[in-house]
Each structure stands twice: as C-alpha cells, then as structure tokens.
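Notes for the one structure printed next.
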C-alpha cells in the first residue's frame, strides 16, 4: 500500500501505521483501495476518545466506551457514573492504548472484508 495514501488518514500513529502495513502487505491494489475506504469509516482517533472521556467527568460517563464498541462497559460506566470516577480517570490515562486496540481490530476486520469483496 502506498505511503502517501496512508498519510491521508489523520492522526496516524507509528504503531498503527506498522500494523496497517503488515496487515495489507499481501493485498492487491483493488483490495487495498477497498480496505482503505472501509477503514476510514471505522477508524477512531485518540483525540476524540480523550475528549469524550473528559465529557464523562461533567456530563455522561461512558460515551468513549460506546464509541469503542464496548457497549457493556459503556452501560456500566453510564449507570455507575464512570465507576465513581475511577474508571474515567483510568480511561484518561489509557485512551491511546484503548483506541489503538480498537483500530487494530478494525484493521483485521477491514482486511478480511476487502479480501472477501474483491
């Protein structure tokens, strides 16, 4: 996959870039284009997760968990006010790691879908 195409993804971190390169190295050009289109729509940026976690202190706790596809944890945070604030603090510290894990799952999913479509 072309480096310039990958740079069109905003906020791409080095770890994520390496993971994308490894996952897409055996894709054809058409499959790579399909992958990129799928991944752009599913990818989350760590800045957004950080902002949503901060919103949890003042408004609705757990929004960041819903955005990361963790519905059960989102509901738990919602009903326990972010596990009394402690869970929200932990999420503030780990927001980059949580986002990277989510994005890695999405990369694997999008590669599988790109191979199946093409």
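Computed values, structure above
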quantity: Mean ellipticity per residue at 222 nm, deg cm²/dmol - from DSSP H runs of n ≥ 4 across the chain, formula -39500 (n - 2.57); calculated: -24000 deg cm²/dmol
quantity: Angle in degrees between helix 46-58 and the longest Cα principal axis of the chain, rounded to the nearest 10; calculated: 10
quantity: Nearest 10 degrees, 0 to 90: helix 86-117 Cα axis against the chain principal axis; calculated: 30
quantity: Ranked by how many other beta carbons lie within 10 Å on average, peptides 11-21, 88-98 from highest; calculated: 88-98, 11-21
quantity: Helix axis angle, 14-24 relative to the chain longest principal axis, alpha carbon, degrees; calculated: 40
quantity: Packing-based ranking, highest mean first, of 67-74, 42-49 given that Cβ atoms within 10 Å are counted; calculated: 42-49, 67-74
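All of the numbers you see were taken from the coordinates with simple rules; none came from a lab. Please read all numbers here as calculations on a predicted model, not as lab measurements. All Cβ positions, glycine included, derive from the backbone under ideal geometry; neighbour counts span all protein chains shown.
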